[in-house]
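A short write-up of the structure that comes next.
The values are calculated or read from the model by the stated rules, or taken from the named source; none is laboratory data. Quantities reported herein were computed from a predicted structural model and do not represent experimental measurements. Ideal geometry is used to build each Cβ from the backbone, glycine not excepted, and the neighbour counts take in all protein chains shown. Ligands, DNA and RNA are excluded from the accessible area calculation, which covers all protein heavy atoms including side chains. Shrake-Rupley method; radii C 1.70, N 1.55, O 1.52, S 1.80 Å.
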Amino acid sequence: MPARVLSDRAARAALAAHFAPGQLAADLAEYTPAEVWDRRLRDDGSGLLASYRPREELARAELTCPFVIPSDDEWPTALTDLGPVCPLGLWVRGRERLAQLTGSAVAVAGNRVPTERAVTRAHDFATALAGAGHTVTATLAYGVDSTAHQAAAETGGASLAVLPRGLDGVHPHTHAPLLRSVVGNGGAGVSLYRPGTPPSGATLKASAVVLAALARAVVLVEALDHVSAMYTAETAISLHRPLLAAPSTGDVHSSGNTRLIDKQLAVNSADPRLALALPHARVARAGDVADGDLLLVAVSEEGADYFTTPYIAHPEPFDPSCGCGACCLITAPDEVVVLSQGDLWESCDPWPVDDRLLIVSAQHLHDRPLEE
């Protein structure tokens, strides 16, 4: 009698329990998850996979929380942006709300031992985001992340917690009531890891990456360079998610913010109103920018180059005789649009019409987030 074919869900859960997605990407491009499991099982010399019972293990784990996979309606489609490292599935508490929550998610990340200023900023950002209907998304860790979850709850808004361990517990364990509050208030908890999995350096890094992928924008409140919050920020950059880094305090606590701002890899602002605009950002041709649009980033094949100060566009016809010192250098005037005339500089701001910019349309700005 032939063996039963392993279901896609059971195969994905089994693979996820033993491998990182990147280790399987080449095989999954050619074979189904069930076929990949069988191939790995045949090649396993350790006996570890042979002792694993995918159907039974899935049934046992789903007594704690369901395992959501890409074919499910609830699957967050934003995760496909991770390409070959897209998760095989997610363990979820609050499954029925997941798609709605991730559709408006904004990640708030930062130090576990933050300064008082960072705690205040995290609270302000999360309060504004939740009040505007965005899903505050964080890791439930000490410091900035837990402050963001608590602020969302105080506002009556839902939040999304991305945990670096199985959902049968929390990390840190003292935040168990906070996770219950997140789920009870209409939010959800998600994890890459099956129940029973403890946190580790690897799970922290992988969860920080997923945090950015689930979000439409990321706010880095305060971060030491090379902490897990920086993995979230750097993933946002690689996925072209809008990234706001609060201004550096000038000390080591915000060394990560300093690096990103100095390299023009993030919007430099402490204004929560700007964070409200970021999820609405989109890429547009310079020639299609309208009056009142907010300009954030120059986008090229090499990556994003955030402006030191985001600014409001006021497109004007190109005038080579304006005398500003920039327009007179243009050699193809029919292919240029002027997006600002001396508002921030002594010269105009001419752009080739086909250059790409990350903008927020004027109708999505909340109370004009920047002074002009």
Just checking, how many residues over the stretch 170-209 are touching a Pro at 6+ places or on another chain (Cβ under 8 Å) and closer than 21 Å to Glu62 by Cα? 7
Restricting to the stretch 177-205, count the residues that are buried (at least 22 other Cβ atoms within 10 Å of the Cβ) and of a type in the set (A, V, I, L, M, F, W, C). 4
For the structure I just gave you, tell me whether Pro172 is at negative phi and modelled with pLDDT under 95. yes
Please state which one of Ala107, Ala126 is part of a strand (DSSP E or B) and surrounded by 23 or more Cβ atoms within 10 Å (Cβ to Cβ). Ala107
Those strands (runs of 3 or more DSSP E) completely within the stretch 255-347 that have 1 or more residues that are closer than 27 Å to Ala122 by Cβ and touching a residue at least 60 places away in the same chain (Cβ under 8 Å) are 282-285, 294-300, 303-312
Determine which member of the set Ala16, Ala50, Ala26 is under 20 Å from Pro198 (Cα atoms) and out of contact with any strand residue (DSSP E or B) (no Cβ under 7 Å at 6 or more places or on another chain). Ala16
With the structure loaded, tell me whether Cys327 is buried (at least 19 other Cβ atoms within 10 Å of the Cβ) and over 28 Å from Val221 (Cβ atoms) or whether it fails that test. yes
Which members of the stretch 278-297 meet the condition of being open to solvent by less than 20 Å² (accessible area, probe 1.4 Å) and within 20 Å of Leu260 (Cα to Cα)? Leu278, Pro279, Leu295, Leu296, Val297
The stretch 186-201: number of residues that are without any contact (Cβ under 8 Å) to a residue 40 or more places away in the chain and within 22 Å of the chain's Cα centre (by Cα): 3
State which residue pairs qualify: first residue open to solvent by 50 Å² or more (accessible area, probe 1.4 Å) and inside the stretch 9-32, second residue of a type in the set (S, T, N, Q) in any location, beta carbons under 9 Å apart, and separation of 6 or more residues or different chains. Arg9/Ser71
Mind telling me which of the residues Ala50, Ala99 ends up being in a loop (DSSP other than H, G, I, E, B), modelled with pLDDT under 95, open to solvent by less than 70 Å² (accessible area, probe 1.4 Å) and in contact with an Asp or Glu (Cβ under 7 Å, 6 or more places away or on another chain)? Ala50
Name, by its number, the condition in (1) open to solvent by 10 Å² or more (accessible area, probe 1.4 Å); (2) farther than 24 Å from Gly201 by Cβ that does not hold for Val136. (1)
Could you tell me which numbered condition Cys65 fails, if it satisfies all but one of (1) assigned to a helix (DSSP H, G or I); (2) within 30 Å of the chain's Cα centre (by Cα)? (1)
Can you name the residue in the stretch 324-372 that is touching a His at 6+ places or on another chain (Cβ under 9 Å) and modelled with pLDDT under 85 and is also farthest from Ala277 (Cα to Cα) among such residues? Gln341
